[in-house]
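To start, the structure under review is shown below, and the notes come after it.
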Protein chains: 4
Amino acid sequence: MGISLGANQYGKAENRVVRIYRDSARHEIVDLNVSTSLRGDFAAAHIDGNQVDVLPTDTQKNTAFAYAKQHGVTSPEDYAIALGRHFLDATPKATGAQIRVEQYPWDRIPAGPNGHDHAFVRRGGATRTTVVTVRGRGAEQRVWVVSGLQDLVVLKSTGSEFKGFLKDEYTTLNETDDRILATSLVARWRYEGTAVDWNKTYDAVQSTLLETFATTYSRALQETLYLMGTRVLETTGDVAEIRFSAPNKHHFLVDLAPFGLENNGEVFIAADRPYGLIEAAVTRDDASDADDVWSSVTSFI
Amino acid sequence: MGISLGANQYGKAENRVVRIYRDSARHEIVDLNVSTSLRGDFAAAHIDGNQVDVLPTDTQKNTAFAYAKQHGVTSPEDYAIALGRHFLDATPKATGAQIRVEQYPWDRIPAGPNGHDHAFVRRGGATRTTVVTVRGRGAEQRVWVVSGLQDLVVLKSTGSEFKGFLKDEYTTLNETDDRILATSLVARWRYEGTAVDWNKTYDAVQSTLLETFATTYSRALQETLYLMGTRVLETTGDVAEIRFSAPNKHHFLVDLAPFGLENNGEVFIAADRPYGLIEAAVTRDDASDADDVWSSVTSFI
Amino acid sequence: MGISLGANQYGKAENRVVRIYRDSARHEIVDLNVSTSLRGDFAAAHIDGNQVDVLPTDTQKNTAFAYAKQHGVTSPEDYAIALGRHFLDATPKATGAQIRVEQYPWDRIPAGPNGHDHAFVRRGGATRTTVVTVRGRGAEQRVWVVSGLQDLVVLKSTGSEFKGFLKDEYTTLNETDDRILATSLVARWRYEGTAVDWNKTYDAVQSTLLETFATTYSRALQETLYLMGTRVLETTGDVAEIRFSAPNKHHFLVDLAPFGLENNGEVFIAADRPYGLIEAAVTRDDASDADDVWSSVTSFI
Amino acid sequence: MGISLGANQYGKAENRVVRIYRDSARHEIVDLNVSTSLRGDFAAAHIDGNQVDVLPTDTQKNTAFAYAKQHGVTSPEDYAIALGRHFLDATPKATGAQIRVEQYPWDRIPAGPNGHDHAFVRRGGATRTTVVTVRGRGAEQRVWVVSGLQDLVVLKSTGSEFKGFLKDEYTTLNETDDRILATSLVARWRYEGTAVDWNKTYDAVQSTLLETFATTYSRALQETLYLMGTRVLETTGDVAEIRFSAPNKHHFLVDLAPFGLENNGEVFIAADRPYGLIEAAVTRDDASDADDVWSSVTSFI
């Protein structure tokens, strides 16, 4: 009976790279969490303990910081593509590199007409993400860019129902015409190619997601996600497909009747667990081949 | 040898109260985390297991939700004062009540000229807090209001030095004329009395903290905190004293010399642990008596 | 240009099910975190807002609790298989169900010769996991069971080296003959079939992982993982393949030379971020078909 | 109107010190999280930005690591006392030093008759803590040692009631003769003096807490805490007083009646928030003076 090494990858996770642009008195800040990994033929390291083909994770870390200066960070996507290509060049046995970046947004502190030159306050709200996968070399090299956002917490205090659902012997839920709908949205969208205005497109997608959530009636979180995805694809030509993971953050109406009080959608308890979890993809019919990139975007196991 | 019951308190922690104001089509949301506790003569519960004087924590929870409707939540301070007074009335053996509230800020989703009527996005950034302590009954009753904010993450990319410090045989730190200064600020300030415009004053204090951080040169985080506190007391008559807890979130300059690159304050690694922790109070000389409220504001142990 | 609904799933996540067996004075506790989800043809819910085919997540929650009584929980795997099969029966449009369970271990409090009958202390250490996927109906129905553990934190204070690695212009790491090797292990293994003694096999795999980590010399974390996986497959016939995700929790030797002290592997700083992240699979050559179960074991995006 | 600097302290928090004893082939591991802080006359640093009296937090960090070698860590208490005394010597303007330590327990990996010589698995369960406060110099110097444990999660599946409580118009809770009682205990106890066998006493106190929780009937969590505290003081002469903070981790009986199932204390949902929070002190009547140490043990604000 034989036993073999299967899929494997290695890298340095969560390099907290902070890049300050200070070419003028008006500084810019780019605040990143960068993870890099390599796949390829690293059987010797696993089976024989031979590291000769292994570019250390420490070197990957050094490179992530060096590239913040050497290449610069005009966008997480541009920076990640450069890093991924470099790691393939630097590691002959690697067949693919994946660079994951989270970017934390900062605002200028309001002081003076245009905000302060070098003092910032972290914005909170959504974190911007990208996962860049580079595979192959030379003319065969392909690049997939899957960008997104996470922790975008949104809530509608009306304009949401849930009724007409399937019932069985374990069903006790009442139908409702008016409920709070809230989620902490994770979205990822795959770009067609790399000729994209990364920052402008990110802002446009985020705005479309927010506006669609706000302005459409919801008969289920599923419908709302599908509408949000459809609207992104309709308005953003560079996006091939988009995926959502959306916890249904339940807000339960509190029964105030025992205290002689009416509660017409005014007082809720925000629950922690359990929560609904709704996940869906919306895709352009003529989208290019994603290969297995989506499964590699998620964690290894 | 005698053994006695010492200090004790009990209550319901982290009630996630969400109050929607929907008197018009333009809804308002107030999103709170409410903890209540009672102190007093509860020896029977501890020593004899007799609950006759104990208002259950479940009842405290019910009251927190009922009061969100019955009293309303124009501000966390006003709501907490009402709750605290009620609990003293409801519990004859209680001598004091403490109500702790965290408020999470939400913005309207940008849709239409003034934002959407009933769709919201969580702002992130600082959480607003208050701790209200009510003690005594009738004419003897006193109320202390300690409000604040937490998780206000701020950073200056220049305008900060650290030098001229005490050295001993374990000192290896180099002096610096230019460094990143960053913290995740926790501030609490004690109000004089309760005739305060709570929401307006909160906004004013937050603005003063941000602006002072941004516009003053820093020779140490200690100096910056003292300046921030002084400026709040100078501009806000209702504040008797203010306290800060400020982790010095280190951003270390990365050594890029091995790669032939200069790093003139451009590339940093944001470190997790350890971190400096600077804590200080700034107080008005004629401030009223705080009794032992500050020690009870922190956790019991 | 067409736009279509792609992959989708929905369910109730993180039901905290606690099952007490109290048929005799000697109680047993089973403490679970249960997440359920369904895949299938739910286009109507997404596109038309029609819930007629949707078994609510609230019903899934009810069923998870009811089954803890009705079916019982002899092991997380047996319970999850029953739940998964039930959900397919209850939801005609579903083509697959996935049940994820985390089990938190408890010990009896030491009181009396065999531990206390009904008082327990949570053990800490590794959490046991399982992900059961059920697809199809009747004779076509297939079941995949992927069990595992997470948060198994292990450390070797010697017997680990890292040298002979690939170097490039960004490499500064020194080779080492003796270092601390530490990880917080996540492992998942796929069983062949369901005729398995789930609890006994779980204990055997955990013991094999620990013993192999302890007793083998490490020339890299990759080699150690491969050895651990190989040993599990050699000793546990029911396991078809095993996968690891192992952060290299760096312990850096502290430079005490400035203080006139030697540090021969005695004083380390445990670092938080960044960390190496090593991931690998070890598989039996004659393992059965896994279909796409591994990619669905990870989160949706 | 004058404005003054009030209470203040500064230090380095969360130094992750790992000390390996490797004098023989059988290694020992001591895994600590160490925070140090100084109080005293540091007005110049705050008001004038003058650091001449300030021993940098970076130096405090260096010292924490150096002392792990130079002084050693036979117990967190002994190590913390040495560090605290040193910092007072090193910092003329300091009047007090406080050292906080958390210790994470590890077990030897079972391999061979007595466990492996140099391979360890983190135990989980309770974390051991100490907070040592040193004040004054020479003959006036006083030392307070407040040790404890946190995250000790315990549960009784029967032997707990809650009834006979005070009721008002907001009370809806039913009385119960049989419920689950569970908490994640935080305890801190103050020692008399420093002539204590620190490790032996810690083990004895933890055993007494567990055994008392297990073997006594509970009419409320308050009564259980008081019994636990009393028993510790009766059995451990070195302990002057003990304090508890105990979240009542609610396990709610799930209503299975809609599904035709009985639930006689067998199926519970473990709730997250809100939770009861019960806090109490038990003290020896002839205990020495604690000064204000308890309030300084908690966080500054």
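The values are calculated or read from the model by the stated rules, or taken from the named source; none is laboratory data. Only a predicted model underlies this, so the values are computations on that prediction, with no experimental measurement involved. Quick reminder, even Gly has a Cβ in these numbers, built from the backbone with ideal geometry, and neighbours come from all protein chains shown.
Miscellaneous remarks
- Any hit, the stretch C:145-153, residues being over 23 Å from C:Glu77 (Cα atoms), under 17 Å from the mean Cα position of the chain (by Cα), among the hydrophobic types (A, V, I, L, M, F, W, C) and crowded, with 23+ Cβ neighbours inside 10 Å: no
- Residue in the stretch C:73-82 that is over 25 Å from the mean Cα position of the chain (by Cα), under 22 Å from D:Gly265 (Cα atoms) and either more than 10 Å from every other protein chain (Cβ to nearest Cβ) or surrounded by fewer than 22 Cβ atoms within 10 Å (Cβ to Cβ) (or both) present: no
- When the residues of the stretch A:29-54 are filtered to those that are under 17 Å from the mean Cα position of the chain (by Cα) and at the interface with chain C (Cβ under 9 Å from one of its Cβ atoms), the one that is farthest from A:Ala80 (Cα to Cα) is A:Asn33.
- Restricting B:Arg19, B:Arg85 to those that are at pLDDT 95 or above, part of a strand (DSSP E or B), more than 10 Å from chain D (Cβ to nearest Cβ) and out of contact with any Ser or Thr (no Cβ under 7 Å at 6 or more places or on another chain) reduces the list to B:Arg19.
- Subset tally (residues that are assigned to a helix (DSSP H, G or I) and more than 30 Å from A:Glu77 (Cα to Cα)) for the stretch A:165-210: 0
- Checking C:Gly11 against (1) more than 21 Å from the chain's Cα centre (by Cα); (2) at the interface with another protein chain (Cβ under 7 Å from one of its Cβ atoms), the condition it does not meet: (1)
- Here D:Arg190 meets each of (1) charged (D, E, K, R); (2) surrounded by fewer than 22 Cβ atoms within 10 Å (Cβ to Cβ); (3) touching a helix residue (DSSP H, G or I) at 6+ places or on another chain (Cβ under 9 Å) with one exception, condition (2).
Every residue, every condition in (1) among the small types (Gly, Ala, Ser); (2) under 17 Å from A:Arg128 (Cα atoms); (3) crowded, with 19+ Cβ neighbours inside 10 Å, yes or no:
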site	(1), (2), (3)
A:Lys12	no, no, yes
A:Asn15	no, yes, yes
A:Arg22	no, no, no
A:His27	no, no, yes
A:Leu38	no, no, yes
A:Leu55	no, no, yes
A:Ala66	yes, no, yes
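- Those residues of the stretch C:40-51 which are crowded, with 16+ Cβ neighbours inside 10 Å and either touching a residue at least 40 places away in the same chain (Cβ under 8 Å) or in contact with a Cys (Cβ under 8 Å, 6 or more places away or on another chain) (or both), in sequence order: C:Gly40, C:Phe42, C:His46
- With respect to the conditions (1) within 12 Å of chain C (Cβ to nearest Cβ); (2) within 22 Å of the chain's Cα centre (by Cα); (3) without any contact (Cβ under 8 Å) to a residue 24 or more places away in the chain, A:Glu241 lacks only one, and its number is (3).
- Taken together, the criteria exclude D:Glu28 from residues that are assigned by TED's automatic domain parsing to the domain that holds D:Trp106, at positive phi, at pLDDT 95 or above and touching a strand residue (DSSP E or B) at 6+ places or on another chain (Cβ under 7 Å).
- From the list D:Gly159, D:Gly148, D:Gly125, D:Gly136, the one residue that fits, being within 30 Å of C:Thr158 (Cβ to Cβ) and in contact with a strand residue (DSSP E or B) (Cβ under 8 Å, 6 or more places away or on another chain), is D:Gly125.
- Scanning the stretch D:202-235 for residues that are buried (at least 18 other Cβ atoms within 10 Å of the Cβ), among the β-branched types (Val, Ile, Thr) and over 30 Å from B:Leu55 (Cβ atoms) yields a total of 2.
- Among residues of the stretch B:96-127, those that are within 26 Å of B:Thr194 (Cβ to Cβ) and either out of contact with any Asp or Glu (no Cβ under 7 Å at 6 or more places or on another chain) or modelled with pLDDT under 95 (or both), counted: 8
- Considering the stretch C:249-301, the residues that are of a type in the set (Gly, Ala, Ser), part of a helix (DSSP H, G or I) and surrounded by fewer than 16 Cβ atoms within 10 Å (Cβ to Cβ) include one that is nearest to the chain's Cα centre (by Cα), namely C:Ser295.
- A:Ser245 meets all of the listed conditions (1) within 20 Å of A:Arg179 (Cα to Cα); (2) in a strand (DSSP E or B); (3) not basic (Lys, Arg) but one, namely (1).
- Neighbours by Cβ (under 7 Å, 6+ apart or cross-chain): first from the stretch D:272-301, more than 7 Å from every other protein chain (Cβ to nearest Cβ); second among the hydroxyl-bearing types (Ser, Thr, Tyr) and surrounded by 22 or more Cβ atoms within 10 Å (Cβ to Cβ): D:Val293/D:Thr133; D:Ser296/D:Thr133
- Within the span defined as the stretch A:228-237, every residue fails to be over 23 Å from B:Tyr21 (Cα atoms), of a type outside the set (Phe, Trp, Tyr), out of contact with any Gly (no Cβ under 8 Å at 6 or more places or on another chain) and in contact (Cβ under 8 Å) with a residue 60 or more places away in the chain.
- Candidates B:Arg243, B:Arg273, B:Arg190, filtered to the one that is modelled with pLDDT of 95 or more and touching a Gly at 6+ places or on another chain (Cβ under 8 Å): B:Arg243
- Only listed residue being within 9 Å of chain A (Cβ to nearest Cβ), closer than 30 Å to D:His46 by Cβ and modelled with pLDDT of 95 or more, chosen from B:Val153, B:Val145: B:Val153
- Condition broken by D:Val101, with the remaining ones in (1) surrounded by fewer than 22 Cβ atoms within 10 Å (Cβ to Cβ); (2) of a type in the set (A, V, I, L, M); (3) not assigned by TED's automatic domain parsing to the domain that holds D:Thr298 satisfied: (1)
- Among the residues of the stretch B:244-269, those that are facing chain D (nearest Cβ under 10 Å) and either among the hydrophobic types (A, V, I, L, M, F, W, C) or more than 21 Å from B:Leu149 (Cα to Cα) (or both) comprise B:Phe244, B:Ala246, B:His250.
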